[in-house]
C-alpha cells in the first residue's frame, strides 16, 4: 500500500526512458500522467482509515494510533513518489540505450532481469502443460505429498505448538484461612510468610516479593474473599532446575505456619487458561457434610506420593432473603401487587430510569428509595441498616374512602424467609 504509488510513478518514467526520452522530461511527463489517479487512490485509502480517529470512548483511544500512523505514512509515500523518487532518478541518470547491438549501463541489468523472468515463465509453462497432459499422475503425486505431510505431522517430525507452555518468571504462594477470618489477620499472616520467604531466598534469586490479602489468583480465575491471601515472587530465573529449588525452599516454610487452613504453590504458564491436571467436584445438600467429605478426600490424596499441590476451592454461599407477597394483606390495603413489587425493587436495588452516552460508553441512571429519619437514626446508632428496620419501611398508598395518603409497613405485605 505504501509503495504502490511509487511503483506506478517509476513504471511510467521507465517506459518513457526506454523510448529515449531525457530523464528530466520523462519524470515531468510521467508525473503529469499519473498524479491524478495515484493521488485519488491514496486519498480513498486515507478516507477509509480517518473515520476510525473519531471513535469515542476507550475504543477510540485504543484505535487512534492505527489511522494516525496509516494516514501519515500514506502522505509521506506521496511525497516520496512525487519528489524524492524522480529526483533520485534524474541524479543517477540511468542509461537504457543500446549502441551497436551491445547493452550497457542500467539497460544491461534490465536485460538480465527480463531474461531470468522469461526463463521462469518457460519453465512454468512446460510444467503446467505436462501436468495437464497427465492428470492422473499429477493427482497421485499430490496425494502422496499429502500423505507424507500427514505422516510427518503425526510422527512428531514436525513440531506443532499453538500455545507455548513456557513458565512465567512469577511464583505464587497461596494462603487460605478459615471462613470468616478478618482481612487484617489474613494480611498479617501473609506478611509473616513474606518475611520468612525472604530469609530463605538469596537477593539475586528474585526481583521483588509482594504480598496482599483479599484476592487469590489461580490458573483460570481470581478468587475474592477476606480469608484469601497470596505472596507473589518475581523470579530472575525460570529454568526447571531453578524452579525446583525454589519450590522446595517455599514448601519448607509451609509446616512452620500456624493458624493457616491451606497453603499451595502456583506457577502460571503461558498460553490460554487451563484447569488443573485433576479436578474433583464434591456435591451434596448440606455444606457441613460436603466439608467433611472434602477433608476426608484430601487425606486420601495426601497419602499418594505422586500427588502434590492439592488446592481446595470452596466458599460459603451468601445470605439470601426471600420475600413473597401476602396477597390477602395486599388486597386489604387496596394496593396493586405490581406496585408493591416495584416499591421493593426500589428499596433493594433501585430502578434504571434513563441512560446517556459518555465518551462512547452507556451510563445508566439508577434511582433508589432512601430511608426515613427514624431509619437514619437507627443506622447511626447500630452502624448498619438491619433487615428488621428495612422490613419496617412504610409503603405509601392513597386511601379512596378517606381521601388520605396512608402507609403500611413492608413486613405486613410480605412473607419473609431467611
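Throughout, read-outs are computed from the coordinates displayed, never taken from laboratory work. Note that the structure is predicted; figures quoted are calculated from it, not measured. All Cβ positions, glycine included, derive from the backbone under ideal geometry; neighbour counts span all protein chains shown.
In this structure, residue 324 and residue 188 have a Cβ-Cβ separation that, at R0 = 30 Å, corresponds to a calculated FRET efficiency of about 0.10. Here the simple spin-label model places points 7 Å from the Cα toward Cβ, and for residue 248 and residue 141 these points are separated by 6.0 nm. When 122, 235, 175, 64 are arranged by Cβ crowding within 10 Å, least crowded first, meaning fewest neighbours, the order is 122, 64, 235, 175.
Decide, for region 175-218, between rounded, prolate and oblate: order the square roots of the alpha carbon gyration tensor eigenvalues as a ≥ b ≥ c, take rounded if a/c falls under 1.5, and otherwise choose prolate if a/b is larger than b/c, else oblate. The shape class here is prolate. Annotation: extensible slack from residue 48 through residue 208 equals 52.9 nm (criterion: 0.36 nm per residue apart, minus Cα-Cα distance).
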